[in-house]
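What follows is a structure written as structure tokens; I'll ask about it next.
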Amino acid sequence: MSNQVLLAGVIGDPIAHSKSPALHGHWLRRYGIEGYYVPLHVTHENLPKVLKTLPKMGFKGVNVTIPHKEQALSLADSVTDRAALIGAANTLTYTSSGTMQADNTDGVGFIANIRQAVPDWVAGTGPAMVLGAGGASRAILSALLSEGAPRVILANRTRARAEALREKLGARVELLDWHRIADALSEVHTVVNTTSLGMTGSQPLHIDLSRVRPGTVAADLVYTPLMTDFLLNAEAAGCRVVDGLGMLLHQAAPGFERWFGKRPVVDEELRQAVLAS
Ligand code: ATR
């Protein structure tokens with residue numbers, strides 16, 4: 001038995017609002033692991049120095065969040081294929097020799113969350129639609145494509161950003177004008193909001209859902225509030241809805257397993273602990 005205390009954390013700027021310490025703290029207590037997961041406020045200019053120093057202090061790894069996800073990827077010694085495809089890292093792990101591996105678990109967290117909420121969901125059943133082409137969108141698009149979605153229809157207010165994503169992710173991404181969303185909804189089996197619309201303090205996402213197929217899976221990445229206007233309207237239109245909190249919980253699991261040596265479970269008890277934090 002080693003008497004080393006296991007250390008991990010989350011780096012961001014700002015960081016005080018992060019739910020990750022409550023989430024990992026819950027798992028550490030539940031599994032009786034002697035370890036700590038701490039919030040680390042680090043500015044852009046200090047990130048390279050901090051990432052080099054953390055393994056010397058005993059850190060097994062860290063999550064990185066806004067605004068460091070792209071810079072962290074460029075600073076890593078090795079990068080997983082999915083992080084390279086997404087162009088950003090959210091999970092960094094130090095090897096025993098002190099090198100830093102960058103991964104991105106946002107896409108797999110998103111897929112695991114849909115599977116838990118809608119067990120019979122299969123990406124290959126039909127086309128999906130993704131709303132938004134910002135940082136979060138790329139992880140969702142690449143996850144849907146690698147899960148076998150035959151086509152992903154991408155709608156973004158600013159078309160140039162959607163074009164840039166299509167160039168990176170290939171021909172199965174089809175661009176759609178923002179004002180044509182309502183018509184195209186009749187074609188899709190999954191629709192995902194990756195925009196910031198609907199978040200407490202922003203405008204709601206209001207789209208005409210009258211043509212959506214009953215049973216379509218509607219997912220939102222926004223989790224404050226848990227039930228956004230988009231999800232409430234989608235539910236009323238006969239969709240199966242998936243809120244954004246589950247993705248946050250699921251994207252954390254691979255890092256926890258790597259750093260603390262236990263595959264954690266995402267369940268209602270964890271959800272409630274994080275909601276109460
Ligand atoms: P993130 O990294 O969280 O995805 P982001 O990169 O700022 O954040 O992207 C925010 C997304 O929300 C973008 O797709 C943005 O659309 P634009 O590319 O046109 O800016 C979208 N968004 C924000 N406000 C919006 C609005 N009022 N109407 C439509 N889309 C909006």
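The values are calculated or read from the model by the stated rules, or taken from the named source; none is laboratory data. As the structure is a computational prediction, the values presented were derived from the model and not from experiment. Positions of Cβ are backbone-derived with ideal geometry, glycine not excepted, and every protein chain shown enters the neighbour counts.
For residues in the stretch 184-195 being touching a helix residue (DSSP H, G or I) at 6+ places or on another chain (Cβ under 9 Å) and more than 15 Å from the ligand (Cβ to nearest atom), which is farthest from residue 228 (Cα to Cα)?
For the stretch 184-195, the residue satisfying everything is 189.
Wholly within the stretch 138-251, which helices (runs of 4 or more DSSP H) include no fewer than the required count, namely at least 3 residues that are closer than 20 Å to residue 108 by Cβ?
159-169
For the structure I just gave you, tell me whether residue 112 is more than 16 Å from the ligand (Cβ to nearest atom), touching a residue at least 60 places away in the same chain (Cβ under 8 Å), under 17 Å from residue 187 (Cβ atoms) and among the small types (Gly, Ala, Ser).
It is false that residue 112 is more than 16 Å from the ligand (Cβ to nearest atom), touching a residue at least 60 places away in the same chain (Cβ under 8 Å), under 17 Å from residue 187 (Cβ atoms) and among the small types (Gly, Ala, Ser).
So, one more: Within the stretch 224-240, which residues are surrounded by fewer than 21 Cβ atoms within 10 Å (Cβ to Cβ) and either closer than 18 Å to residue 115 by Cβ or over 16 Å from the mean Cα position of the chain (by Cα) (or both)?
Answer for the stretch 224-240, where residues must be surrounded by fewer than 21 Cβ atoms within 10 Å (Cβ to Cβ) and either closer than 18 Å to residue 115 by Cβ or over 16 Å from the mean Cα position of the chain (by Cα) (or both): 225, 227, 229, 232, 233, 235, 236, 237, 238, 240.
A further question on this structure: Scan the stretch 88-98 and give yes if some residue there is surrounded by fewer than 22 Cβ atoms within 10 Å (Cβ to Cβ), over 30 Å from residue 204 (Cβ atoms) and hydrophobic (A, V, I, L, M, F, W, C), otherwise no.
Looking through the stretch 88-98, none of the residues is surrounded by fewer than 22 Cβ atoms within 10 Å (Cβ to Cβ), over 30 Å from residue 204 (Cβ atoms) and hydrophobic (A, V, I, L, M, F, W, C).
Right, next: Considering only residues that are out of contact with any helix residue (DSSP H, G or I) (no Cβ under 8 Å at 6 or more places or on another chain) and crowded, with 23+ Cβ neighbours inside 10 Å, which ones fall in the stretch 256-277?
259
Turning to a different aspect of this structure: List pairs: first in the stretch 34-51 and at pLDDT 95 or above, second of a type in the set (Phe, Trp, Tyr) and in a helix (DSSP H, G or I), Cβ under 7 Å, 6+ apart or cross-chain?
What qualifies is 35/260.
Would you point out which residue out of 120, 177, 103 is at pLDDT 95 or above, of a type in the set (Asp, Glu) and within 15 Å of the ligand (Cβ to nearest atom)?
177
What are the pairs, 6+ residues apart or on separate chains, where a residue within the stretch 160-171 that is more than 14 Å from the ligand (Cβ to nearest atom) has its Cβ under 7 Å from a residue that is hydroxyl-bearing (Ser, Thr, Tyr)?
These pairs meet every condition: 169/142.
Moving to a separate point now. Kindly list the number of the only condition in (1) within 30 Å of residue 269 (Cα to Cα); (2) touching a strand residue (DSSP E or B) at 6+ places or on another chain (Cβ under 9 Å); (3) not acidic (Asp, Glu) that fails for residue 50.
(1)
Given the criteria within 16 Å of the ligand (Cβ to nearest atom) and outside any helix (DSSP H, G or I), does residue 88 qualify?
yes
Something else: With the structure loaded, tell me whether residue 84 is hydrophobic (A, V, I, L, M, F, W, C) and either crowded, with 22+ Cβ neighbours inside 10 Å or farther than 16 Å from residue 190 by Cβ (or both) or whether it fails that test.
When the stated conditions are applied, residue 84 passes them.
Of all residues being in contact (Cβ under 8 Å) with a residue 60 or more places away in the chain and among the β-branched types (Val, Ile, Thr) in the stretch 182-206, which is surrounded by the fewest Cβ atoms within 10 Å (Cβ to Cβ)? Just the residue, please.
It comes out as 188.
Could I ask something else about it? Taking the condition of being of a type in the set (Asp, Glu) and under 16 Å from residue 144 (Cα atoms), how many residues in the stretch 60-115 meet it?
Residues in the stretch 60-115 being of a type in the set (Asp, Glu) and under 16 Å from residue 144 (Cα atoms): 2 in total.
Further question: Please work out if residue 198 is modelled with pLDDT of 95 or more and either away from the ligand (no atom under 12 Å from the Cβ) or not assigned by TED's automatic domain parsing to the domain that holds residue 124 (or both).
For residue 198, the condition - modelled with pLDDT of 95 or more and either away from the ligand (no atom under 12 Å from the Cβ) or not assigned by TED's automatic domain parsing to the domain that holds residue 124 (or both) - is not met.
Could you go through the stretch 42-64 and let me know if any residue there is surrounded by 13 or more Cβ atoms within 10 Å (Cβ to Cβ) and within 16 Å of the ligand (Cβ to nearest atom).
Yes, the conditions are met somewhere in the stretch 42-64.
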